[in-house]
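The structure under discussion appears below in the form of structure tokens.
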């Protein structure tokens, strides 16, 4: 447990991905089974056990520490697990800086320990409470040599495996005592990690994907190789480690509906890529603005149908979309885009987001936000892995598959025919005119897939390209700047920008409409940073207000993907994916755009259908 | 009514005042006569009339404020009783920074000890704290919460050296307060066997020079040359805390951001400052030492100047010791922090 805790501690302070990977690999190489397997499960959300309630932890501490002091400390530190870890009476004497002087001093004085072995303590109300005498430091310190006649065995430092297995089996009434024993035995970092783990709040800046990447690298594999077998495995993943270490065969997945890593595309560079590519070698189709999913169906050992919906990252989201899961009556794996359809019309991402934001899946939600999948590809059918086939063959199989399925929730993503890149540019500029019709607003751009491309997991360069629609653009004025994080931690790199609107008296004012923190080069960042420092008018902690107004201010041209209503912003609108497209050092602030520019775009996006309403102007 | 501690020391706008001696202790405003416990800027200010302090503190003040920081000065030798008006004062080491002292003030059989800032932990750059028995002990409470139990500084310095060994290509930028903490870190590094140059931000140069003149060996401590920053692979660089997040520090090769402070006990504090390698090294007493010190002075009453006074006052109550917070303004509102005198874009 202490080794795992040490890892978490270092990960928590490490901002860089590669350094995190190095730490993870180092740990997975050296930690024994099943310890490392449970560590992997802890980081990938694969552990299920009875979580300890904060009130119980608090109770344990307050039996040992003056509740007033604990309360003040908790207020100060702001985190229950950390406060408890720091304040828990140390099982070992804290090695002292002042040459052993404090050894006896701390023991005698140890102002934290109630009782201090005297067996009683006077509470603040004056009554004398009897407590079990706690072990003295001298008895606790030497783990190896227990004093003769010792009644209490030396504290046993639990392994992570022991903690996980115990939590899975322990009776509720016994839980507090077990946790207290562990806290006594662990060091400070160990206590912190244990408490984070058992309260279900283990957030250490490591994604499941990163942990899997580290595991895969042990055997020289890509993370996707681990993803492929992942859903058939259980903690502590002994077969997985055996495989990546070359001690055993690749684990066979017994999961009848496993996740398969999706194939991703690269953005196309209009300036250079098209001239190198042959239009005849590619197939075009719409890129829908929903969430990429896999619908996977299969039969388990008993012949029962298993239906799974996975997100792009392999998260099982079947529970959130029971309406769609019902449609998985087949045996196969469809790659597609999850969208909300009303009256056969694809709704914008705004509408989908309203469903994604709800925690509870209610009948009303299912009715108002019916989930559909627009199928892009067929990865597997009736036990046959189709991924090695060329795209055109897979597409033919997909068309037949969807047709045979004949389910209202699943349809085909139509192809976009073209002969030249110019044809394709026309389609991209106006999808509605090229067959997308009323769904055009839900189209993000165009996908190009090499006709002979196999389905390869990850993001191979060459076979698949995405060509997004032109972003919207608006000229804004920088209003506030905030320092960035990580590599940019000292630079003012996050900019809040505004556009003009009329006050009640008609005079113009700037109103913030968004925040952008990328889109510029490092050299531009240095210039922007200098601009912020030289034009600061006010400071609010990490935020600086810069000079802005009709006569001064820096114009930032912002590119973005869309506008939605927002109650959080004073302006009432929020942008999707805003980024700095150009820095307009030359443009006067007074000539920046007005709020109406955004409201027009917003009005376009609102061509959505209200729940339950029929499409009145169908085809209009 | 008999003579009591509150006759000996009162509170004025400028801070603690001794009417019988006609002097203030660590006043936050200019006064005619001041006794100064130590050289940190929130305790030692410029512009007083007469100043009484240890020789080291007077020299620190001269370095910080210039030779004419007061009208006249007098050196207080440690341990020697000095008569001022109707009281006797005696300076005793406080173990906080070079020259830091507690001031015992006595009259009519009542003794009050103003401890200033103090610590009990090991520090090779100053004399260790001396327990002075007293009736009223005036204590700080910067780290006055039981979550503050400081680890062994040698282990913290080891963490830094381990990181340097692990990342020999990266510069290690260690934020440390310019007076005391920086020199303590240097001395601890030397004791741990580190003999390469320790690079300094310009803001630490003068005080470090003074420490060396006072006979504290700190080895080779060159000032960072701005143009050379990119070449300092694997170097340890000390700078004021405000500079660790500054553009200044980004010019070093792939810098590891570190900070030597008691605040590093709390993860959120480290993360807020973007610290990757927190070093828990404090120049203030941690909770066990605050409690131990109060007990050892035998004081029947404790006044708490600044910091987390609520918890310490509460604890005194549970021990049957009278205690009250003084709510003194102007002392280290941010605990260990130095005033923002160090300009952001310094050097």
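Dividing the alpha-carbon radius of gyration of the range A:2-78 by 2.2 N^0.38 Å (N being the number of residues), what value is obtained?
After normalising by residue count via 2.2 N^0.38 Å, the value is 1.45.
For peptide B:145-157, what's the mean number of Cβ atoms from other chains within 10 Å of each residue's Cβ? Please list the in-between numbers first.
Details: counts 11, 13, 14, 5, 7, 3, 5, 4, 2, 2, 2, 0, 0.
Going residue by residue through B:145-157 and averaging, the value is 5.
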Label-point gap, in nm, between residue A:551 and residue B:225 - each point 7 angstrom along Cα→Cβ: 4.6 nm
Rounded to the nearest 10 degrees, what's the angle between the helix B:181-191 long axis and the longest principal axis of chain B, both from Cα atoms, 0 to 90? 60 degrees
Two decimals is fine: what is log10 I(q)/I(0) at q = 0.12, 0.18, 0.20 Å⁻¹ for the range A:382-471, from a Debye sum with one equal scatterer on every Cα and no solvent? -0.46, -1.01, -1.16
Calculate, for residue A:503 and residue A:539, the FRET efficiency according to 1/(1 + (r/R0)^6) with r their C-beta to C-beta distance and R0 35 Å; round to the nearest 0.05. 0.85
Quick one, what does Rg over Rh come out to for the range B:1-99 if you take C-alpha atoms and the Kirkwood Rh? 0.96
Would you mind classifying the range A:228-326 by shape? Square roots of the alpha carbon gyration tensor eigenvalues, ordered a ≥ b ≥ c; an a/c under 1.5 is rounded, otherwise it is prolate if a/b is larger than b/c and oblate if not. oblate
Can you tell me the 0 to 90 degree angle between the C-alpha axis of helix A:17-30 and the longest principal axis of chain A, rounded to 10? 50 degrees
Using alpha carbon centers only, the range A:427-498 is separated from the range A:305-341 by a whole-angstrom value of 25 Å
On the formula 1/(1 + (r/R0)^6), with r taken between the Cβ atoms of residue B:2 and residue B:83 and R0 of 30 Å, the FRET efficiency rounded to 0.05 is 0.85
For A:259, A:49, A:577, A:391, ascending order of other Cβ atoms within 10 Å (fewest first) is A:577, A:49, A:391, A:259
Ordered by fewest other Cβ atoms within 10 Å, a rough proxy for footprinting exposure, A:20, B:231 read B:231, A:20
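Order of A:315-325, B:257-267 by packing, highest average Cβ count within 10 Å first? Don't jump to the answer; show the numbers that get you there.
Details: A:315-325: 16.9, B:257-267: 24.3.
The packing order, highest mean first, is B:257-267, A:315-325.
Round to the nearest 0.05 the FRET efficiency obtained for residue A:234 and residue B:28 when R0 = 51 Å and r is the Cβ-Cβ distance.
Working: r = 64 Å, r/R0 = 1.26.
For residue A:234 and residue B:28, the calculated efficiency is 0.20.
When Cβ neighbours within 10 Å are restricted to other protein chains, what is their mean count per residue of peptide B:244-250?
4
What does the average come to when, for each residue of peptide A:11-22, you count the partner chain Cβ atoms lying within 10 Å of its Cβ? Please list the in-between numbers first.
Values: counts 0, 3, 9, 2, 4, 2, 0, 0, 4, 0, 0, 1.
Mean number of neighbouring Cβ atoms from other chains: 2.
With N denoting the number of residues in chain A, provide Rg(C-alpha) divided by 2.2 N^0.38 Å, to two decimal places.
In units of the 2.2 N^0.38 Å rule of thumb, it is 1.19.
Please report the equivalent ellipsoid semi-axes of the range A:143-285, computed as sqrt(5 x eigenvalue) of the Cα gyration tensor, largest first, in whole Å.
Details: eigenvalues 468, 66, 48 Å².
They are 48, 18, 15 Å, listed largest first.
Relative contact order of chain A, please, whole-number percent, based on alpha carbon pairs below 8 angstrom and at least 6 residues apart. Mind dumping the intermediate values first?
Working: 1040 pairs, mean separation 65.6, N = 620.
Relative contact order comes out at 11 percent.
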In degrees between 0 and 90, to the nearest 10, how far off the longest principal axis of chain A does helix A:595-605 point, with axes built from Cα atoms? 80 degrees
Taking the Cα centroid of the range B:152-212 and of the range B:13-69, what is the distance between the two, rounded to the nearest whole Å? 29 Å
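Which whole-number value in Å³ per residue fits the convex hull of the alpha carbons of the range A:474-558?
Working: hull volume 8.2 nm³, N = 85.
Per-residue hull volume (Cα only) is 96 Å³.
Over the range A:418-530, what relative contact order in percent results from Cα pairs under 8 Å that are six or more residues apart? Don't skip to the end; give the middle numbers.
Numbers: 127 pairs, mean separation 17.4, N = 113.
Across the range A:418-530, relative contact order equals 15 percent.
State the dimensionless ratio Rg/Rh of the range B:81-178 (Rg: radius of gyration of Cα atoms; Rh: Kirkwood radius). The partial results should precede the final answer.
On the way: Rg = 18.7 Å, Rh = 16.3 Å.
Taking Rh as the inverse mean 1/r over Cα pairs, Rg/Rh reads 1.15.
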Sum of -39500 (n - 2.57) over DSSP H runs of 4+, divided by residues of chain B (222 nm, nearest 500): -6500 deg cm²/dmol
Of all the Cα-Cα pairs you can form in chain B, what percent are over 31 Å apart? 33 percent
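How would you rank A:285, A:399, going from fewest to most other Cβ atoms within 10 Å of each one's own Cβ? Numbers along the way, then the final one.
Numbers: A:285 18, A:399 14.
If I rank by nearby Cβ atoms, fewest first, I get A:399, A:285.
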Relative contact order for chain B using alpha-carbon pairs under 8 Å, separation at least 6, rounded to a whole percent? 17 percent
Inter-label distance for residue A:565 and residue B:75, nm, one decimal - labels placed 7 Å from Cα along Cα-to-Cβ: 7.8 nm
Need one number: nm distance between label points at residue A:461 and residue B:161, each 7 Å from Cα along Cα→Cβ, rounded to one decimal. 4.5 nm
If you average the C-alpha positions of the range B:91-105 and of the range A:222-246 separately, how far apart do those two centres end up, in angstrom? 62 Å
Burial-style ranking of A:519-525, A:182-188, B:138-144, average other-beta-carbon count within 10 Å with highest first, yields B:138-144, A:182-188, A:519-525
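Taken together, the values in this text are just the output of simple stated rules run on the coordinates, not laboratory data. These numbers were taken from a predicted model, which means no experiment stands behind them. Every residue, glycine as well, gets a Cβ built from its backbone with ideal geometry; the counts of neighbours run over all protein chains shown.
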